[in-house]
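In what follows, a structure is listed as structure tokens, so that the remarks can point back to it.
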Amino acid sequence: MRKALRMLEDKDGWKVEIKESNGDVICSKVIPGARKVFRLEAVLEASVDELYDLLFARVEEMHKWNSSILHINVLNRVGRDTIITHEVSAERAGNLIGQRDFLSVRHSFKQKSSVYLGGAAIQLESFPPQAGFVRAEDGPTCIIIQALNGDKRKCHFTWLLNMDVKGWLPKSIVNQALPKEQLDFTRNLRRHLTASATQG
């Protein structure tokens with residue numbers, strides 16, 4: 001979490017990759033080891049607690065609204081704020097990277113009107129790479145959810161995507177696919193939030 005936050009706090013070297021008409025911006029930066037990381041900034045119509053609930057407390061339900069995920073299982077709960085998860089990405093037409101699985105440790109903490117969700121790849125002897133999947137590695141990565149001043153129904157959403165997809169893929173394809181995944185995720189999340197608000 002600290003490593004991911006340091007990456008976000010370091011303002012040098014970020015380049016704008018995508019600017020959407022709704023205000024979403026994705027920037028990228030090359031980190032030591034020549035890997036690109038991507039930072040998405042967006043404003044979402046949801047409370048901090050609502051997003052914490054969706055992205056951490058009920059992470060196993062994420063496949064219901066995020067079409068890029070086949071399933072996420074919580075393998076272990078290390079206290080209230082730390083979980084170990086196994087995630088499998090969905091097989092989708094047009095997905096340049098292909099199906100991957102991830103074994104990650106995820107941690108959350110709340111501070112004033114913000115929530116921080118951090119994650120990183122982990123290795124467990126009891127859960128080796130699965131046959132038929134390339135095991136990608138996340139992290140250090142994080143999401144910051146901050147209440148917007150004066151509006152409890154909106155929040156500022158920052159997502160640092162830092163992923164080694166593994167396998168034999170050209171860097172150019174990976175660097176094209178990852179920001180697209182961020183946009184798809186945010187689109188799915190907005191759609192779900194709108195549907196929930198309508199039902200509520």
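So here's what we get for this one:
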| quantity | calculated |
| --- | --- |
| Linear extension gain, SER68 paired with ALA90, 0.36 nm per residue minus alpha-carbon span | 7.4 nm |
| Carbon plus sulfur fraction of accessible area for the chain, probe 1.4 Å, in percent | 51 percent |
| Gyration tensor (alpha-carbon) shape descriptor, region 12-120, a/c threshold 1.5 | rounded |
| Between region 2-73 and region 145-183, the Cα center-to-center distance that results, in Å | 3 Å |
| Chain lengthening between GLU41 and THR82 when straightened (0.36 nm per residue, less Cα-Cα) | 12.3 nm |
| Inter-label distance for GLN130 and SER113, nm, one decimal - labels placed 7 Å from Cα along Cα-to-Cβ | 4.0 nm |
| Shape call, region 75-150: gyration tensor on alpha carbons, a/c limit 1.5 | oblate |
| Solvent-accessible area per residue for the chain (1.4 angstrom probe, square angstrom) | 55 Å² |
| Calculated volume of the Cα convex hull per residue in Å³ (choose from (i) 146; (ii) 118; (iii) 138), label | (iii) |
| Net charge of neighbours whose Cβ lies under 9 Å from the Cβ of ARG35, counting Lys and Arg as +1 and Asp and Glu as -1 | +1 |
| Contact order relative to length of the chain, as percent, for alpha carbon pairs under 8 angstrom and 6 or more apart | 22 percent |
| Charge tally in the Cβ shell below 13 Å around GLU9, where Lys, Arg are +1 and Asp, Glu are -1, GLU9 excluded | +4 |
| Long pairs among LYS36/LYS152; LYS64/LYS110; LYS3/LYS166; LYS110/LYS154; LYS112/LYS180; LYS11/LYS112, criterion Cα-Cα beyond 27 Å | LYS36/LYS152; LYS112/LYS180 |
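The values are calculated or read from the model by the stated rules, or taken from the named source; none is laboratory data. Please read all numbers here as calculations on a predicted model, not as lab measurements. Here Cβ is always computed from backbone atoms with ideal geometry, including for glycine, and neighbour counts include all displayed protein chains. Accessible surface areas use protein heavy atoms only, side chains included; no ligands, DNA or RNA. Shrake-Rupley method; radii C 1.70, N 1.55, O 1.52, S 1.80 Å.
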